[in-house]
Amino acid sequence: MPSLLLKRFKRRRVTPILESDLSRDSHQTTADEVNHYWYKQPMFDFWQALLAALERITMLPSLLHSVFPSSRKCGRDALRTYDRTMDELLHEIQRLLEAPLEPAKLLQISVKLQEQFTPKLQASDICMLPSYNDKLPTGLEKGTYLALDVGGSTFRIALVELNGRQPGAKNMRIVAMKSYKIDEKVRQRSGTDFFDWMAEKIEQALADPQMQNSTNTQSFPMGLAWSFPVEQTSIHSARLLDMGKGFRATEGLLGQDLTELIMAPCRKRNLPVHMDSIINDSSATLLSRAYEDPSTRFAVILGTGFNISVHLPVSSLAATKYKGYPQKWLDEATHVLVNTECSMFGKDAFPTTRWDDQLNDAHVRPDFQPFEHMISGRYIGEIVRLMMVEAVQTAGLFSGEIPDQLAEPYTLDTGTIAAMEMDDSKHLTNATALFQAKHPLSKPPTYNDIHFIRQVSQLVSHRAAAFLATGIHALWALRTESEGLTPTSAGRMSIGCNGSVIEKYPLFRELCQSHLDELTTASGAEPKSISLEIALESAIFGAAVAVCCLEGQ
């Protein structure tokens, strides 16, 4: 997006209300300003005032209430009074969410995050975790590999071809790919039954003529991208930990070697495969992007969840972090991919609002992932929902009616508000239809209702983009110091990005990039020294690249 257009959009997102609105009591209002004000209904206000005056007459309240009932039962009540106007609530939301977004304040937050990172690099078994991946690809590696991607709902098997930097050819290519749904029936497979199912699907994929005709190898080297917790014990082995998400595969198998659990049923079926590498999704994203751009040192995962993987000097972490690592690895490795589990940081660093506090207080694990609560796809929609509920109750959104589907936590999907933000039509017809379809009201929402939701969504998502930029800046500053560099000498760095929010939420990545540019430049770096780049199919490509990085060792 051209920088001028982005600046205009950024200004529009963060200042949706004219400054003249703030001082409307102190000067004569113009005709244009009257047109700008939301929810100004003179006749409605007149009848409200008249009703309030009449109700103070002691002889008439019961009569008036019988004619104009003051309590809402099932529908909306046009005569209900509220604590404040929609303008006033939106002003408050805007003020609270924009207050921390000035570069100087974001830099202060970055310093606090760096102070939180430092002790975790020395001692923590849940964050700042080194992997066994110490090599980044050069981009010249070539080969054909079988990539496995196991996620919460899908098991994908792909034959991946790495071509190096050949003129006229793609660096990486998926020759063939099979996708298998992990439904509730599969999740209920307990113990080795789940891994037998995996082997069955690998056998089916290898039987595909396109895979058979694409390679002459006697045995496929496999790389596994495993989107669940593991305790890695080597580059190609890891101890199985609780998978969560309703999976029963770990029953009776906790702590066992994941590679052997997969390979045992493969051997029974005489499958020509061998496991060479196991990595998590953030490391896969970093490796896949690094294959195309050798300046890549970070990877950001931002979808339903959030994480960042970074490439750091081995010496950045305490020696105790490498307990159990082979001496050969310790002697040879200079750098290591680190799983930051960045979602767990940020408490007392990021300023919170009452809606953030409500979300945290009601969470099953309060304070466990404060950073993720501020920016991820699971929580952006929930923050907006909490604001909407307050707007209904105190300012008359939807004329005081709460849709049944919005009364419960996590019922407003971030994808819904993203789609509503994308509707720039004059009358917001698509956004209105979408909201009514997802969250039916007794009467369709008005233009002003939908406009309010879009404004609040923009404020929440913009804050999330700015806070992500701040977290990236904090890790960039940490890496710069660890490498013995200065912001000026640090040079250009690319960041691989993957996940529905950073890839698809309207202008999220562009806004994050804009704030990141401001922060790094303010720190003394060259302009545009960090670039956020989408890493497509990163789990599949990263699993293959992880294998190719081993072949020269």
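The values are calculated or read from the model by the stated rules, or taken from the named source; none is laboratory data. Fair warning: this is a prediction, and the values are worked out from it, not measured in the lab. Neighbour counts run over all protein chains shown; Cβ positions are idealised from the backbone, glycine included. With ligands, DNA and RNA removed, areas are computed over all heavy atoms of the protein, side chains included. Shrake-Rupley method; radii C 1.70, N 1.55, O 1.52, S 1.80 Å.
Taking every alpha carbon pair in region 164-314, what does the distance histogram look like in 10 angstrom bins from 0, in percent? Binned Cα distances yield the sequence 9, 32, 38, 19, 2, 0. Extension gain, Glu102-Ile126: 0.36 nm per intervening residue step, less the Cα-Cα distance, totals 5.5 nm. Normalising the average separation of contacting C-alpha pairs (under 8 angstrom, six or more residues apart) by the number of residues puts the relative contact order of region 109-210 at 17 percent. Using a probe of 1.4 Å, the accessible surface attributed to Val460 totals some 0 Å² when neighbouring protein chains are kept in position. Sorted on the mean count of surrounding Cβ atoms within 10 Å across their residues, most packed first, peptides 510-518, 361-369 read 510-518, 361-369.
For region 275-355, what relative contact order do you get, as a whole percent, if you take Cα pairs closer than 8 Å and at least 6 residues apart? Could you put the intermediate results ahead of the total?
On the way: 75 pairs, mean separation 22.3, N = 81.
RCO, region 275-355: 27 percent.
For the pair Phe368 and Lys170, the difference between a 0.36 nm per residue extended length and the Cα-Cα distance amounts to 67.1 nm. Does anything in region 484-524 have its amide N under 14 Å from the 7 Å Cα→Cβ label point of Ser153, and if so which residues? The answer is 500-501. In terms of the Cα gyration tensor, with a ≥ b ≥ c the square roots of its eigenvalues, is region 75-187 rounded because a/c is under 1.5, prolate because a/b exceeds b/c, or oblate? Prolate.
Give me the number: length gained by fully extending Tyr410 to Thr85, i.e. 0.36 nm times residue separation minus the C-alpha to C-alpha distance, one decimal in nm. Before the final figure, lay out each step's value.
On the way: separation 325, 0.36 × 325 = 117.00 nm, distance 2.59 nm.
Length gained between Tyr410 and Thr85: 114.4 nm.
Which three semi-axes in whole Å describe the equivalent ellipsoid of region 502-553, each the square root of 5 times a Cα gyration tensor eigenvalue, listed largest first? Each step should come with its number before you reach the end.
Numbers: eigenvalues 181, 63, 6 Å².
They are 30, 18, 5 Å, listed largest first.
Counting only heavy atoms of the protein chains and using a 1.4 Å probe, His274 has close to 70 Å² of accessible surface. The protection proxy used here, the mean number of other Cβ atoms lying within 10 Å of each residue, ranks peptides 279-286, 218-225, 253-260 as follows, highest first: 279-286, 218-225, 253-260.
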